Structure formats: C-alpha cells, structure tokens
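Participant: Take a look at the following structure, please.
Every number in this text was worked out from the coordinates using simple rules, so none of it is lab data. Treat the numbers as computed from the prediction; the structure is a model and nothing was measured. All Cβ positions, even for glycine, are placed from backbone atoms using ideal geometry, and neighbour counts span all protein chains on display.
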Amino acid sequence: MRVSIVNTKGGVGKTTTAVHLATYLSSLASTLLIDGDPQESAATWAAWRRESLVKRSRHLSLTTTCLHGKAIYDEGKSLSKGFVHTVIDAGGRDAPGLRNALLLSEMAIIPIGASNLDAAAMTDLLEVLDLATDYNPKLKVKVLLSRIDPRTKDAKEMLKFLNENNLEVLSARVCERVSFRRAIGEGSTVEELGKDSVAISEMSAFYKEVLL
Ligand SMILES: Nc1ncnc2c1ncn2[C@@H]1O[C@H](COP(=O)(O)OP(=O)(O)OP(=O)(O)O)[C@@H](O)[C@H]1O
Ligand SMILES: [Mg+2]
C-alpha cells in the first residue's frame, strides 16, 4: 500500500502521523518512508531514531529516504516496488512534491486541526485533491482529525464542514498530547515510549482504519 500524508497547511501533524504510521507498518512488513518535504523533518526524526537504536543495539526496521518534486513519483515508484508499504510525508504547500505524492498513492490521509483557520486553509488543498483524483482515480482520500482539544466542541463544527465538502473522515481521532511531541523528539513513537496509553489507543484505532 502507498499512503501519502498531506495538507497544504503547516503544523497539523503530517510528519507525526507519517512516522507513526510508517513505524507501525514496518512492524508488519517491509516499509519505506519517503520524506517529500524540503524541511526534511521525517528524515531528521529518522536520524535521531538511528542514533538511539544504535545505542540500544537494536536494528532499524524502517527505511527512510528524501525525495523532492517529480522524483517522488519517478524514483518513489521504482523504490516502492521493493517494499510492501510506502508512506510519504508530502510536506506543506501546493508544491510539485505534493502533487507527485498524490499521483503515486492509493490513499491520501489529511491530518487536520479543528479550528476555523484549518477549515479556511483547506480551499487550496480541495482543488489539488480534485485534480489528483482526476489523474489518479484509485486515490482514496481520508481526513484524520488531529491535535484535537478534547475539551472543546470545535471538532463537531469541523466535521460539519468536512461533510459539506464530501470528505470521508476517519472515526479515529488524535488529540493534542505532550507524549507525541516527546516521542518525535526522541526519534521514537508513542508506542515505543509506552507511557501514554490513551495516545497509543488513538493511534491503534487509526492504523486499523488505514488497513481496512
Ligand atoms: N497529537 C499531537 N499532540 C501534541 N503535539 C503534536 C501532535 N501532533 C503533532 N504535534 C507537534 O506539533 C508540531 C507540528 O507537528 P508535525 O511536525 O507533525 O506537523 P507537520 O504538519 O508535519 O508540520 P510542517 O508543516 O512543519 O511539516 C510538532 O512539534 C509536533 O511534535
Ligand atoms: Mg512536517
């Protein structure tokens, strides 16, 4: 399966979602993580991960590479043939990299916050997705409500907006939790840190839906 994690808006949790999903999939079968963002945050996480795994004498089960622009489609296509799963952290903005990631993938997951600003920023992305599904009709698009504050009703309003735009929303939700920030900073995942059972069950529900 080839999955892109996309949103033109920054800071919504794309890299966090991508590295968690890729790590989980790599526990099931060979997995390639493509960092398609020029900021290379997923590759930075992978470098931290490599350091901490070497210290603990554990081997790396996930392969990470950086590709940009058209190379995400061209090289990504041939590289991904050597793996059962490929996850692409497509980076922000409507850059060629984002469009190439959508062309290569069977599934696009859009992490999105629940604020009005998140909704307003979706106009560009909706246009890109429309075009992408014309070129790649097998692309399934799913929204993941991410970095949600469980104390507010913002998610309800966002759900209404997403329904009006005919976007499929995953039942799994990821709340704003400090354990995600800690995990990323250590080149790890919330599962590997093992300290936040609620975060772990949120992610587990997400993985299940992706694999349905
Ligand atoms: N569920 C969460 N709870 C708390 N913090 C989170 C959560 N998800 C992501 N973060 C933190 O929010 C920040 C942005 O997350 P992340 O880098 O995953 O977003 P992004 O969409 O990839 O951002 P960019 O557009 O810069 O690539 C990071 O500091 C990350 O650790
Ligand atoms: Mg990122």
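Participant: Round to the nearest 0.05 the FRET efficiency obtained for VAL84 and ASN165 when R0 = 35 Å and r is the Cβ-Cβ distance.
Facilitator: In this case the efficiency is close to 0.60.
Participant: In addition: Label-point separation (nm) for LYS140 and TRP48, each offset 7 Å from Cα along Cα-to-Cβ?
Facilitator: Going by the 7 Å Cα→Cβ label model, 3.1 nm.
Participant: Next question. Cα centroid distance between the stretch 32-105 and the stretch 112-137, in Å?
Facilitator: The stretch 32-105 and the stretch 112-137 have Cα centres separated by 22 Å.
Participant: Something else about it: Only Cα pairs within less than 10 Å get springs; with that Gaussian network setup on the chain, which residue of ALA42, ALA121, ALA183 has the largest fluctuation?
Facilitator: Answer for the Gaussian network model of the chain: ALA121.
Participant: Place +1 on the Cβ of every Lys and Arg and -1 on the Cβ of every Asp and Glu in the stretch 91-151, take the dipole about the Cα centre, and give the residue among THR123, LEU98, PRO111 whose Cα lies farthest towards its positive end.
Facilitator: Farthest towards the positive pole: PRO111.
Participant: Let me ask something additional. Report the calculated FRET efficiency for VAL128 and TYR207 (r = Cβ-Cβ distance, R0 = 22 Å), to the nearest 0.05.
Facilitator: 0.30
Participant: Let me spell out the model: positive unit charges on the Cβ of Lys and Arg, negative unit charges on the Cβ of Asp and Glu, origin at the Cα centre of the chain. What dipole size does that give, in debye rounded to 20?
Facilitator: Computed about the Cα centre, the dipole is about 600 debye.
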